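**Q** Take this structure first; my questions come after.
Read-outs throughout are calculated quantities, based only on the coordinates presented, and are distinct from any laboratory measurement. Here the structure is a predicted model, which means the values were calculated and not measured. All Cβ positions, glycine included, derive from the backbone under ideal geometry; neighbour counts span all protein chains shown.
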Protein chains: 2
Amino acid sequence: MPDTPRVSAAVLIIGNEILSGRTQDTNLAHLAKTLNGYGIQVREARVVPDVEAEIVEAINALRVRYDYLFTTGGIGPTHDDITADCVAKAFGVALEIHSQIAELIQRRPSPPEVMASRMRMARVPRGGGLIDNPLGPPGFYIDNVYVMAGIPRIMQQMVASLDGKLKRGVVVRSRSVTAFVSEGQIAKDLGAIQGRYPRVDVGSYPFQRQDRFGTTLVMRGSDAGDLDAALAEVVAMIRTLGAEPEDIQEG
Amino acid sequence: MPDTPRVSAAVLIIGNEILSGRTQDTNLAHLAKTLNGYGIQVREARVVPDVEAEIVEAINALRVRYDYLFTTGGIGPTHDDITADCVAKAFGVALEIHSQIAELIQRRPSPPEVMASRMRMARVPRGGGLIDNPLGPPGFYIDNVYVMAGIPRIMQQMVASLDGKLKRGVVVRSRSVTAFVSEGQIAKDLGAIQGRYPRVDVGSYPFQRQDRFGTTLVMRGSDAGDLDAALAEVVAMIRTLGAEPEDIQEG
């Protein structure tokens, strides 16, 4: 088997509304799952307010550390939409009106004042390319930084349009099984299983349902053989404890 | 009016399951709202995997930058629960069995192996104090870092128990109003309103409902007079455009 590389990404969520708790972010989970399907693993996420210095700093910290950085939020026409400015600043390049976006925006006529505001959405850092958006003005990318809308429906279309256009690494698959055992009961054996499968991430996610304690055990990795073997050991461990392995899933 | 200080916080969400998209985080939004009620504003959030070096680095970056750091996740009894180890490492102190937690854990008898695993949850960095948890073993804090469970129901109890025990700064209040206007239409006037109220954060959050474009305008700040005045201007702006201000809320 050729050694497919790991391709990593960070997600930067930009917006006061996420940090105030007013809006529940759902973009991270969607991006994580979609990007994994493209062979890209999200390794870190940050949420920052609509403050230039903080956005610029986060962009520069994350873009050098991971293969890709995906940002969401702050690309509309109002004064609090400063993501394009921040990306240009982070790269030290000018922000320019992109003729292709400008043309698209101008197709829908507006009074001059409104058009001037809408035209803010045509600004792309010099050297940047476009991310398709069937629902409105495109997003953009420059180098390894992909800049997308915050509105989930639009962000989802944008990331869907990137399918096949990004570097592809391994896809991480999973196996999971649930059992009504406590984490304390399984901790030692589970740790031993983790030790035997260094290429698998074994996670334990406890829950309480109708006053019964249970846990879902999740194995993640890129080798199906490893995953199946680790799952078999986890299932055997659950049975040894006199419990029933439930809801076995492959992902 | 005495000048109440701003008290800031970061949230560090620890766990592979959030970064894989398997689990949708809801802790950030809950913490942001609850802490604001205590007079503490969340200014940044990060999500990191269950990897020691990355957790330690994030703890050390965030604890010096904000008045408080609240972490969620990684405090159970299994091998992937390494938050306590990481906090101890970040502070350069030993991890010790806390007698009060140990006693609590020992009240429920277990076979020795299981007890050893459960006792992992009694480990607290030297010098740390406890965060009450009516549902199980306590969380802990050391200096300005508060370490809580990842399970939302437990995290919520833990942060509730901190009410009145933290430094209190200003509480940020909000006013919001929704209108079926496009962001392009309001961008210029809204920017001017923001310019006149530098102590208010004016945000615009667009949406599409049954094929109509609208936006919710949110004013956030600590001075009720400022907020009411900014809201009045925003409402007037909406009416000038021939639209109807809807769903006006105070928060």
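**Q** Average partner chain C-beta neighbours within 10 Å, per residue of A:188-199?
**A** 2
**Q** Give the residue from B:Gln41, B:Gly221, B:Val56 lying farthest towards the positive end of the charge dipole for the protein assembly as shown; charges sit on Cβ (+1 for Lys and Arg, -1 for Asp and Glu) and the dipole is referred to the Cα centre.
**A** Most positive-ward Cα: B:Val56.
**Q** Let me ask something else. Taking a ≥ b ≥ c as the square roots of the eigenvalues of the Cα gyration tensor of the range A:1-61, is the shape rounded (a/c under 1.5), prolate (a/b larger than b/c) or oblate?
**A** Judged from the Cα gyration tensor, the range A:1-61 comes out oblate (a/c at least 1.5, b/c at or above a/b).
**Q** Follow-up. Based on alpha-carbon centroids, what's the gap between the range A:212-251 and the range A:82-150 in Å, whole number please?
**A** Computed from Cα coordinates, the inter-centre distance equals 47 Å.
**Q** Between B:Glu250 and B:Arg65, how high is the FRET efficiency from 1/(1 + (r/R0)^6) when r is the Cβ-Cβ distance and R₀ = 35 Å? Nearest 0.05.
**A** So, using R0 = 35 Å, E works out to roughly 0.65.
**Q** Give a residue-ordered list of calculated ³J(HN,Hα) values for the range B:102-118 (Karplus: 6.51 cos²θ - 1.76 cosθ + 1.60, θ = phi - 60°; whole Hz; x for Gly, Pro).
**A** Per-residue couplings from phi come out as 4, 4, 4, 5, 6, 4, 9, x, 8, x, x, 5, 5, 4, 4, 5, 4 Hz.
**Q** Using θ = phi - 60° and the Karplus form 6.51 cos²θ - 1.76 cosθ + 1.60, what ³J(HN,Hα) does each residue of the range A:67-83 get, whole Hz, x for Gly and Pro?
**A** Along the range A:67-83, the couplings run 4, 9, 10, 10, 10, 10, x, x, 10, x, x, 8, 4, 8, 9, 10, 4 Hz.
**Q** On to the next question. Enter the mean number of other protein chain beta carbons within 10 Å of the beta carbon of each residue in B:22-29, as an integer.
**A** 6
**Q** Which of B:Tyr66, B:Gly139, B:Gly184 sits farthest toward the positive end of the charge dipole of chain B, with +1 on the Cβ of Lys and Arg and -1 on the Cβ of Asp and Glu?
**A** Positive-end residue among those listed: B:Gly139.
**Q** Fewest first, what order do B:Arg65, A:Arg123, A:Arg107 take by the number of other Cβ atoms within 10 Å?
**A** If I rank by nearby Cβ atoms, fewest first, I get A:Arg107, B:Arg65, A:Arg123.
**Q** Right, another one. Quick one: label points 7 angstrom along Cα→Cβ at B:Glu113, distances to the other copies in nm, smallest first?
**A** Values, ascending and in nm: 7.5.
**Q** Lys and Arg at +1, Asp and Glu at -1: add these up for the other residues within a Cβ distance under 12 Å of B:Ala90 and post the number.
**A** So the environment of B:Ala90 carries a net charge of -3.
**Q** Shifting gears a bit: Excluding B:Ala192 itself, calculate the net charge of residues whose Cβ lies under 13 Å from the Cβ of B:Ala192, where each Lys or Arg counts +1 and each Asp or Glu counts -1.
**A** -1
**Q** Between 0 and 90 degrees, rounded to the nearest ten: what's the tilt of helix B:52-63 against the longest Cα principal axis of chain B?
**A** 50 degrees
**Q** Evaluate the charge dipole of chain A about its Cα centre and quote only its size in Debye, nearest 20, assuming +1 on the Cβ of each Lys and Arg and -1 on the Cβ of each Asp and Glu.
**A** In debye, rounded to 20, chain A gives about 360.
**Q** Compare the peptides B:165-173, A:146-154, B:9-17 by average per-residue count of other Cβ atoms within 10 angstrom and give them in order, highest first.
**A** Per-residue Cβ counts within 10 Å, averaged per peptide and sorted highest first, yield B:9-17, A:146-154, B:165-173.
**Q** List every residue whose amide H lies under 5 Å from the amide H of A:Thr71, counting only residues 5 or more places away in sequence or on a different chain, with H placed 1.01 Å from N in the peptide plane.
**A** Placed amide hydrogens put A:Leu12, A:Tyr146, A:Val147, A:Met148 under 5 Å from A:Thr71.
**Q** How many nm is it between the label spots at B:Phe207 and B:Val93, if each spot is 7 Å from the Cα in line with the beta carbon?
**A** Reported label-point gap for B:Phe207 and B:Val93 is 4.5 nm.
**Q** Relative to the longest principal axis of the C-alpha atoms of chain B, give the angle of the C-alpha long axis of helix B:183-196, reported between 0 and 90° and rounded to the nearest 10°.
**A** 80 degrees
**Q** Specify which residue in the list A:Ser204, A:Ala236, A:Ile248 is farthest towards the positive end of the charge dipole of the range A:173-250, using unit charges on the beta carbon of Lys, Arg (+1) and Asp, Glu (-1), about the Cα centre.
**A** A:Ser204
**Q** 7 Å along Cα→Cβ for the label point: how many nanometres lie between B:Pro134 and each equivalent label in the other copies, listed shortest first?
**A** Ordered by distance, the counterparts are at 5.0 nm.
**Q** Mind checking the dipole of the range A:173-250: about its Cα centre, +1 per Lys or Arg Cβ, -1 per Asp or Glu Cβ, Debye to the nearest 20?
**A** My answer is approximately 140 debye.
**Q** Hey, another quick one. Average partner chain C-beta neighbours within 10 Å, per residue of A:170-177?
**A** For this peptide, the per-residue mean of nearby foreign Cβ atoms is 1.
**Q** Taking H placed 1.01 Å from N in the peptide plane, check which residues at least 5 places from B:Val181 or on another chain put their amide H under 5 Å from its amide H.
**A** B:Thr215
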